[in-house]
Structures are given as structure tokens and as C-alpha cells.
1. Could you work out the Rg to Rh ratio of region 1-80, with Rh taken as the Kirkwood radius (inverse of the mean 1/r over all Cα pairs)?
2. What percent does the relative contact order of region 1-42 come to when contacts are Cα pairs within less than 8 Å and at least six residues apart?
3. Arrange the peptides 46-53, 63-70 so that the one whose residues have, on average, the most other Cβ atoms within 10 Å appears first.
């Protein structure tokens, strides 16, 4: 390949995008194109180094603040590890879960479908819907076919 890579392909390489295999092979073989990639990459690398050099050391900053706090308040401010606290919290959480499970399982028994009077409920719903005084159901009654119209519709479909 006699031609060098264009600027878009070189920029894609610097940005970390994948390029086609022909361009990749050319980049491996061509010293000029590799040098162009290094030239494009150098300001980016230089700026990254500047940013890293300017960045504060947060661990050192936090340590200096804590040292000043300890100096002002003495040793009483130091956190002393309490190993029993974590165990006590775990036991308390277990007790809360056990009480909650016991409360919900021992409480009122769950009603089964045999105890529910389905026929009575359906009869009450039918009575309410049959009431002509309910607003909004008049239009629905006209749209629902009665049994004779339903038979005619079914026979017509067969």
C-alpha cells in the first residue's frame, strides 16, 4: 500500500476506535503513519500528565485534617472498634424478622375459597347491575345481546 492513512483514520486510532484490517496492517508496517499517531497522541498524553500532577492527594489531605481534629480534641475522638456491636445488630435483626414472621403466620387464618359465598356475591352484583337507576349502564344494556340474539350470532358464524 503506497498511500498513507488519512487524518480521520489516524484520529480514530488515537481515540481507540477499531479500524479495518487493511488500515491496521498498514499502520503496523508504515513508520510515517505510526509517527503521525504519536504526534496526535502526544498533546493528549501531556495534558493527562499535567492533570495528574495538579490533582491533590486526597489521602494526605484527609490525614492532615484528621491530625488537626485529634490535636484539637485529644484522644477521646479516636474511634475505638467495638466488635460486639456488629453481633448485637445481627441478633436484633434476626429477632425482628422472627417476630414479623410469627405475627403474620399466627394471626388470622387465611380464608379459603370454600368459605367465601361466591353465589351470594354474584347474585348481589347481578341485582346491582339490573337496577336501571344506575347511571351509565343503560347504554351497556343495549349493547349486550340477549340469549336469542346470541344464538343467532353463533349460528350465523357457523
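1. Numbers: Rg = 24.5 Å, Rh = 16.7 Å.
Rg/Rh: 1.47.
2. Working: 26 pairs, mean separation 19.7, N = 42.
About 47 percent, as a whole number.
3. Details: 46-53: 9.2, 63-70: 11.1.
Ranking, from highest mean packing down: 63-70, 46-53.
Only the coordinates and a few stated rules stand behind these numbers; no lab work does. Values in this document were obtained by computation on a predicted structure and should not be read as measured data. Using ideal geometry, Cβ is built from the backbone for each residue, glycine included, and neighbour counts are taken over all protein chains shown.
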